[in-house]
1. Using Cβ contacts closer than 10 Å as the measure, can you line up 371, 179 from fewest to most?
2. Sort the stretch 1-130 into rounded, prolate or oblate with this rule: let a ≥ b ≥ c be the square roots of the eigenvalues of the Cα gyration tensor; rounded if a/c is under 1.5, and if a/c is not under 1.5, prolate when a/b is larger than b/c, oblate otherwise.
3. Stretched out fully, how many nm does the piece from residue 156 to residue 129 gain, at 0.36 nm a residue minus the Cα gap?
4. The stretch 270-377: D in µm²/s via Stokes-Einstein (Kirkwood Rh, Cα pairs, 10 °C, 1.306 mPa s)?
5. Could you go through the stretch 364-369 in sequence order and give the Karplus-derived ³J(HN,Hα) for each residue, using 6.51 cos²θ - 1.76 cosθ + 1.60 with θ = phi - 60°, rounded to whole Hz, and x for Gly and Pro?
6. Between the alpha-carbon centers of the stretch 317-378 and the stretch 114-148, tell me the distance in whole angstrom.
7. Given the C-alpha atoms of the chain, compute the convex hull and give its volume per residue in Å³.
8. In degrees from 0 to 90, rounded to the nearest 10, what is the angle of the helix 333-358 Cα long axis to the longest principal axis of the chain?
Amino acid sequence: MEFEYSPKVLELQAKLTEFMQERVLPAEAIAEEQLASKPDHWGAPPIVADLKAAAKREGLWNLFLPAREGAGLTNLEYAPLAELTGWSPLIGPEAFNCNPPDIGNMELLHLYGTDDQKREWLEPLLAGEFRSCFSMTEPDVASSDANNVRLEIAEDGDDWVLTGRKWWSTAALRDDCRVAMVMGVTDPDAPVGSRHSIVLVPMDTPGLTIVRSTTVLGFTDRHEGGHGEIVFDKVRVPQANLLGPRGKGFAVAQARLGPGRIHHCMRLIGMAERAIALMTERARARVAFGRPLADEGVVQATVADARIHLDAARLLVLRAAWRMDVEGTKAARHDIAAAKVMVPLTVKQIVDDAMQIFGGAGLSQDTILPVLYAQARFLQIADGPDQVHRRSLARAEFAATPVLKEVRG
Ligand SMILES: Cc1cc2nc3c(=O)[nH]c(=O)nc-3n(C[C@H](O)[C@H](O)[C@H](O)COP(=O)(O)OP(=O)(O)OC[C@H]3O[C@@H](n4cnc5c(N)ncnc54)[C@H](O)[C@@H]3O)c2cc1C
């Protein structure tokens, strides 16, 4: 694995650093004010549209997509760039059209969409004209085992008819969310693994009702468009809205989840970098018992451990990204799982330590730390809970042959 970045990546990194510093970080406070002035608004504050226009002009757009329609970067090349966008998780990724869940949805449309689907949904998403959501999780079943997903997608003439309930559909409440990718059962009698399919459902289809948004540790996530609980009451869409092969919904979703998980990890690394920058700045400035906190050995140990653990976590992410590029997402699944467990855990601890160094301020709205904490915490559950990733890793480990055999007796 090569640790030097190519001139192309170094150039993008420099441009992106400047853009984040000069435009995105100063926009955070403005975004908060704009949201506060419109308490019923679900969606990006207006400043985000300005950032998007500027990022597009500067060629900092769709960096996540390895294909021609995107920036053409490998996963390894994208990693340091995604990390920078993660410094400002609420508005950074969207400024560059690199925000979940749309990036995963665009990847699916890119891989599996028909020409018509690409024209109708992929092109405007790539242009950042509207948003989309992904609806897999259901309140009534343990959705970490996707086999349990039970929303019914019944064939009726030339249509699909959807009946069931989803929740945690991130971005569903946004005023500009136009389409949901919905996973459900099309073939209940088929063997396990061939029962589920994904269909595209325009958000204004009759019978689709968003009943509420769930909060995350008390945050409403209005920037993000909340997390929709959605009732599908005989929602009718044409059969042409099937995304990917019928009965292969899991395989299709997997194509989205692999890159999605590692992209989450990349952004989390940036969030932890911000927490370290904040904690060191605070420790230098805050004086207790006659000297700066930074002079205390326990504080120094905390800062040093944060750096050690974050750099180790980053290496795991880079290795997963490298294997995805070289051997494909399937071959990299264990590297992705390992990163998906280690990174949120590590970042959560670093943010927690930063909160401790800040004292009361660290838990208040005066720092971004509670936002970063919520991001790290929810990613121990979203896109597969830690336990499920550990289960896959343990299975691989039990099946593995050691390089050398023990010699006894
Ligand atoms: C902020 C946020 C955003 C999300 N966004 C989306 C989205 O956009 N679209 C979407 O479809 N979903 C989304 N989700 C849902 C998320 O993917 C699910 O919550 C997750 O897959 C777990 O499913 P579940 O909640 O049904 O938990 P369950 O399946 O009920 O599992 C509960 C717990 O059981 C434990 N567990 C499960 N299996 C095992 C095992 N084999 N061994 C040991 N322990 C186990 C784990 O600790 C797990 O957390 C989001 C969730 C959050 C919090």
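1. With the sparsest Cβ surroundings first, the list reads 371, 179.
2. On the way: a/c = 2.22, a/b = 1.13, b/c = 1.97.
It comes out oblate by the Cα gyration axes.
3. Working: separation 27, 0.36 × 27 = 9.72 nm, distance 3.21 nm.
Result for the pair: 6.5 nm of gain on full extension.
4. Numbers: Rh = 14.8 Å.
My calculation gives 107 µm²/s for D.
5. Working through the residues one at a time gives 9, 6, 7, 10, 7, 4 Hz.
6. Spelled out, the Cα-based centre of one part sits 24 Å from the other.
7. Working: hull volume 70.1 nm³, N = 409.
Looking at the chain, the number lands at 171 Å³ per residue.
8. 50
None of the figures in this text is laboratory data; all of them are computed from the coordinates on show. Remember, predicted model here, so these are calculated numbers, not experimental data. Quick reminder, even Gly has a Cβ in these numbers, built from the backbone with ideal geometry, and neighbours come from all protein chains shown.
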